[in-house]
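Q: Mind looking over this structure? Questions follow.
Bear in mind these aren't lab numbers, they're just calculated from the coordinates by the rules spelled out. Since the structure is predicted, the reported quantities are computational estimates derived from the model, not experimental observations. Glycine gets a Cβ as well: all are built from the backbone with ideal geometry, and neighbour counts include every protein chain shown.
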Amino acid sequence: MSTTQTRTEQHAATDGGPHVSFQEPRRKGKASRRTAPLAASQAFVRAKNIQKSYFKGKIEVPVLRGVDLAVHEGESLAIVGQSGSGKSTLLHLLATLDAPDQGEIHFEGERIDNLKPKGRDRLRNGQFGMIFQFYHLLPELTTLENVLTPLMITHGAFGYWRNRRRHIDQAKQLLELVGLGHRLNHRPRELSGGEMQRAAIARALVAQPRVLFADEPTGNLDPETGREILEILRTLNKQHSLTIVMVTHDMSIAQDADRVVVLENGRIAGAE
Ligand code: ADP
Ligand code: MG
């Protein structure tokens, strides 16, 4: 379960080819863009006593009943749980796509579950990236255009246009990094599942996020293609120090991560 140095070195040695970085490899503990260096013990992303219910008619169905979780900078963390255990719900809350009923989410020591829309959008578009089981690519756009979409949203039409050459180069480099440099002008329907997930990974990384949230990223892929996607994620984590939080129902996939926690009965099993 723990990722050994040997595996990392082997991986680096066999990776081959030109290596394009979407962001400079970070030294652990380097100061963030916004805040002072973190104390060693401080979590990067933290969930504190998170509770979340859904309503089925008038009946309240509790899903998360007090989730406590700390994600550390630079780690890859897998959250496993059975189907329906609340994995997607938790991931969405961590990524501020939804708000908890009770409890708090913190990022670099700052509370983020109650941000105003502008601050939340800045966080989602800048610091967090997300990939899903079903990719969620825009069907009318090419691979390259899909990857560029977050930059258009973040910078606005004018800002994007002014720096479009740099943005396009960046998107192409990322597509090379995930092994999709030869499919720039294909539309999603012309891509395989694995290729679509590669495009989705490039899109999630184009704004240089600090954390990648992955919701069953191999859930729709055959085992071999799934392993290729996990290999990409492992490279991003080990070589580019990208913090990754992945949820999956599949223990064999979770074992790829540095650390595995189990979501059970609405809580992280064995959490403090
Ligand atoms: P998992 O990802 O582990 O399969 P989910 O987080 O998707 O679990 O869902 C947990 C539970 O919450 C399930 O019982 C599901 O039916 C329910 N649920 C999820 N989203 C909603 C929603 N938007 N409205 C009502 N119930 C929901
Ligand atoms: Mg789910």
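Q: By how many nm would the segment from ASP121 to GLU60 grow when fully extended, if each residue of separation counts as 0.36 nm and the alpha-carbon distance is taken off?
A: So the extension gain works out to 19.0 nm.
Q: Quote the charge dipole size of segment 226-267 about the Cα centre in Debye, to the nearest 20; the model charges only the Cβ of Lys and Arg (+1) and of Asp and Glu (-1).
A: In debye, rounded to 20, segment 226-267 gives about 140.
Q: Farthest toward the dipole's positive end in segment 42-148, which of GLY66, GLN127, THR143, given Cβ charges of +1 (Lys, Arg) and -1 (Asp, Glu) about the Cα centre?
A: Going by the Cα projections, it comes out as GLY66.
Q: List the residues of segment 76-112 whose backbone N lies under 12 Å from a point placed 7 Å from the Cα of GLN51 along the Cα-to-Cβ direction.
A: Residues passing the 12 Å test: 101-104.
Q: Give a residue-ordered list of calculated ³J(HN,Hα) values for segment 64-78 (Karplus: 6.51 cos²θ - 1.76 cosθ + 1.60, θ = phi - 60°; whole Hz; x for Gly, Pro).
A: Computed from phi, the couplings for segment 64-78 are 10, 10, x, 8, 10, 7, 10, 10, 9, 4, x, 8, 10, 10, 10 Hz.
Q: Can I ask one more? Tell me which GluC sites (Glu not before Pro) from segment 66-149 have a DSSP coil assignment and no more than 10 other beta carbons within 10 Å of their own.
A: GLU140
Q: Follow-up. Give me the aspartates and glutamates in straight-line cross-link reach of LYS58: C-alpha distance below 17 Å, same-chain residues under 8 apart excluded.
A: Partners within reach: ASP101.
Q: Here is a further query. Take the residue pairs LYS87/LYS238; LYS52/LYS87; LYS56/LYS87; LYS116/LYS172 and return only those whose Cα atoms are more than 22 Å apart.
A: LYS87/LYS238; LYS116/LYS172
Q: Under 5 Å between amide H atoms, partner at least 5 residues away or on a different chain: which partners does LEU242 have, H built in plane at 1.01 Å?
A: Distant-sequence amide H within range of LEU242: ASN237.
Q: What FRET efficiency comes out for the pair GLN239/GLN102, r = Cβ-Cβ distance, R0 = 35 Å, nearest 0.05?
A: Working: r = 38 Å, r/R0 = 1.10.
My answer for the efficiency is 0.35.
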